[in-house]
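The values are calculated or read from the model by the stated rules, or taken from the named source; none is laboratory data. Note that this is a predicted model, so its numbers are computed, not measured. Every residue, glycine among them, receives a Cβ derived from its backbone with ideal geometry; neighbour counts consider all protein chains shown. Accessible surface is based on the protein model in full, side chains and every heavy atom, while ligands, DNA and RNA are left aside. Shrake-Rupley method; radii C 1.70, N 1.55, O 1.52, S 1.80 Å.
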Amino acid sequence: MSFIERVAGWYGEGTLQDELEAFLDECGDQVDTAAHEQNHENKLYYDKFTAAIDRALTGFCKEEGITEQEFFAKCEEDSSKCESSNKILSAILNGASYEAFLSLVKDWQQEQKNDPA
């Protein structure tokens, strides 16, 4: 399995998903998803969101025995070799954007509204 395939697997399940679920459980109902401009409150939650991604990335790097700098270098190397690797890497990097954050939280809020377990 190539490095970028391992990254895609990590992105889709495991520690990253656990971190994001914990974030949503803690903060998901407090984010103002109607505010498309980043306000002060949402900035605090966005920072927690990116911290969750950073913790998961740190864990992945530890499992792989590499630094974060080596992680990004390997991603860049793999993405330059293969178009599908480039698409995977782009999806991962775009997943940490503010727009992706709002979309994730909005979807979660909608699920909670539809299924208030």
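Data for the structure
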| quantity | calculated |
| --- | --- |
| Residue that is most open to solvent (accessible area, probe 1.4 Å), among those in the stretch 46-65 that are within 18 Å of Leu104 (Cα to Cα) and among the acidic types (Asp, Glu) | Asp54 |
| Single unsatisfied condition, Asn86 versus (1) open to solvent by less than 50 Å² (accessible area, probe 1.4 Å); (2) over 15 Å from the mean Cα position of the chain (by Cα); (3) modelled with pLDDT under 85 | (1) |
| Residue check for Gly14: closer than 16 Å to Asp107 by Cβ and under 16 Å from the mean Cα position of the chain (by Cα) | no |
| Residue that is most open to solvent (accessible area, probe 1.4 Å), among those in the stretch 1-36 that are aliphatic (A, V, I, L, M) and part of a helix (DSSP H, G or I) | Ala22 |
| Filtered residues of the stretch 47-75 (kept if part of a helix (DSSP H, G or I), over 16 Å from Tyr11 (Cα atoms) and over 18 Å from the mean Cα position of the chain (by Cα)) | Glu70, Ala73 |
| Residues that are farther than 16 Å from Ala100 by Cα and in contact (Cβ under 8 Å) with a residue 12 or more places away in the chain, drawn from the stretch 30-50 | Gln30 |
